[in-house]
Amino acid sequence: MINKLLFAKKRQDRWWRFNTLKAAFCQAQHAGDYALEARVLSKAFSRMGYKRPPTDIMKLWHELVDVGATRRAVIAKTDIDRIEVIVENIDPLILPYLCWLDLYHLCIGLGLYSPAEIMRNQALSKATAQAASEGSLSQLYVGFYAEIEVGHFGSAWKFLQEMRRQGCSDDRLRQAEWLWQVLSQNSEGEIVGYSRSEEPSNSEFARFIAGRQVALVGPVASSVDQGAEIDSHDVVVKFSYRGGDKGRDPVTQGRRLDVSYYNNTQAKALAEGDFDSVLSSLRWAVCINRKGLGQLPKNQANIRQLASFDWMLPDTHFNAGPNAVLDLLRFNPADIRVFNTDLMLSAGRFAGYNPAGAKPIDYTRSFIKTHDPILQYRFMERLWSIGLIHGDARFNEVMALGEKKYMNLLQKAHGANTQALF
């Protein structure tokens, strides 16, 4: 019984599932025949809690295995095109949406971002179909999110009403409706609050942000002289500030810093350092969840936690950029302008963004374990296209690429250029 419970817990971990599938993939590359390749996948699916792979998935598996690094020194574009066609012609309903996401992560790990993009779309299609046909509350959450992401706001609204009928909490309903209103632009007047609005920190933060011009400054290295423009904004927002001049280059980043957002690792690094001087220099420190908040001093007036969307997201969460933008939009700024951000197309980061001594970031690993590049691009591009955020020249350039070109450039930056990554 204990082993079964531990195994069930492992299956909830996307990184464990990826490594299980990766190990099977590497083993299959050494298999001597088609049947053995198939048995390896079947065994991996069983460990991950899925039924035996359907025939179409087996065919896809064999094509993927054939372009693995052990078998192919070079991947031709025709190989990738062939895999894309195969994925596009598979009925998304034949697999659970989570299984589609596992295949998506496998392709991201291999560095094959174009087929991965299609697999992720298949996952969303299955999530929507599952919510419509079975309709448990948890399935409705994911179905609502899936329709929001692809811009099907009418069906998303229907899922929202069914969530209400099935007893979804008022707090989550307000949050979901706010997201729907913002992204669909179907609202009249201001949309303020949706979750935990009774907390004093949110009220104070709202008074600080409402009606102001906000500069959101990312950590991508830049040679553009726009520090003065950044500093001219009413509010300057940055990420993971831990004191001193790091992140405050007057030429490219601007000296000012009013608000800093922290993930859990960054909050821990701040708590272990000279947090008193840092917090006294900021108007607000914002943590992404309770775990990060719990590492900082309690009852500190200028620390708050943003409201997470994780409860509706399909086995993922927002990156720092979308998290900060959605949090700021909640409090009706006059404008948000994004600087020094290219959604991971460049790997460079200013010194001090990561804790001292931290290993260089493996972005492909990050895309699988924590950050979903397609989710990030789709939300930022939607907010940009409807005019809720603006940006510097580089950010606007990335937004204007469109998802396909963005994913191609992301593959060139981090993925498989000549050979699969394993």
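The values are calculated or read from the model by the stated rules, or taken from the named source; none is laboratory data. The shown structure was predicted, so the numbers you read here are calculated from the model rather than taken from an experiment. Positions of Cβ are backbone-derived with ideal geometry, glycine not excepted, and every protein chain shown enters the neighbour counts. Each accessible area value is taken on the protein alone, full model and side chains, heavy atoms only, with ligands, DNA and RNA left out. Shrake-Rupley method; radii C 1.70, N 1.55, O 1.52, S 1.80 Å.
Roughly how large, in nm² to one decimal, is the mean projection of the convex hull of the alpha-carbon atoms in the range 92-149?
Computing the convex hull of the Cα atoms and averaging its projections yields 3.6 nm².
Where the eigenvalues come from the Cα gyration tensor of the range 1-118, what are the semi-axes √(5λ) of the equivalent ellipsoid, largest first, in whole Å?
Calculated on Cα positions only, the semi-axes equal 24, 16, 14 Å.
Using the Cα gyration tensor of the range 255-356, with a ≥ b ≥ c the square roots of its eigenvalues, what is the shape: rounded (a/c below 1.5), prolate (a/b larger than b/c) or oblate (neither)?
Cα axes put the range 255-356 in the rounded bin.
Counting each DSSP H run of 4 or more residues in the chain as -39500 (n - 2.57), what helix-only mean residue ellipticity at 222 nm follows after dividing by all residues, to the nearest 500 deg cm²/dmol? Intermediate values should be presented prior to the final figure.
Working: 20 runs with 227 residues, N = 422.
Value at 222 nm, helices only: -16500 deg cm²/dmol.
Quick one: with all protein chains in place, what share of the accessible area of the chain is carbon or sulfur, to the nearest percent (1.4 Å probe)?
Exposed carbon and sulfur together represent 51 percent of the surface.
Would you tell me the accessible area of GLU149, worked out with a 1.4 angstrom probe on the heavy atoms of the protein chains, in Å² to the nearest 10?
Spelled out: GLU149, probe radius 1.4 Å, area about 20 Å².
In square angstrom, what is the accessible area per residue of the chain with a 1.4 angstrom probe?
The answer is 44 Å² per residue.
Heavy atoms only, 1.4 Å probe, whole protein assembly: order HIS233, HIS152 by accessible area, highest first.
On the way: HIS233 20, HIS152 95 Å².
Highest to lowest solvent-accessible surface, that is HIS152, HIS233.
Top mean-square fluctuation among GLY387, GLY321, GLY243, Gaussian network model of the chain, C-alpha springs under 10 Å?
Largest GNM mean-square fluctuation: GLY387.
Could you compute how much accessible surface ASP276 exposes when probed at 1.4 Å, giving the result in Å² to the nearest 10?
Surface open to solvent at ASP276 totals about 100 Å².
Ordering SER201, SER281 by how much accessible area each has at a 1.4 Å probe, largest first, what is the list?
In descending accessible area the options line up as SER281, SER201.
Does the chain come out rounded, prolate or oblate by the C-alpha gyration tensor, with a ≥ b ≥ c the root eigenvalues, rounded set by a/c under 1.5 and, if not, prolate when a/b is larger than b/c and oblate if not?
prolate
Excluding residues on the same chain fewer than 8 positions from LYS298, give the aspartates and glutamates whose Cα lies under 19 Å from its Cα.
GLU198, GLU199, GLU204, GLU272, ASP274, ASP276
If DNA, RNA and ligands are ignored and the probe is 1.4 Å, what is the ranking of TRP180, TRP384 by accessible area, most exposed first?
TRP384, TRP180
So, with +1 on the Cβ of K and R and -1 on the Cβ of D and E, and no other charges, what is the size of the charge dipole of the chain about its Cα centre, to the nearest 20 debye?
Roughly 1360 debye for the chain.
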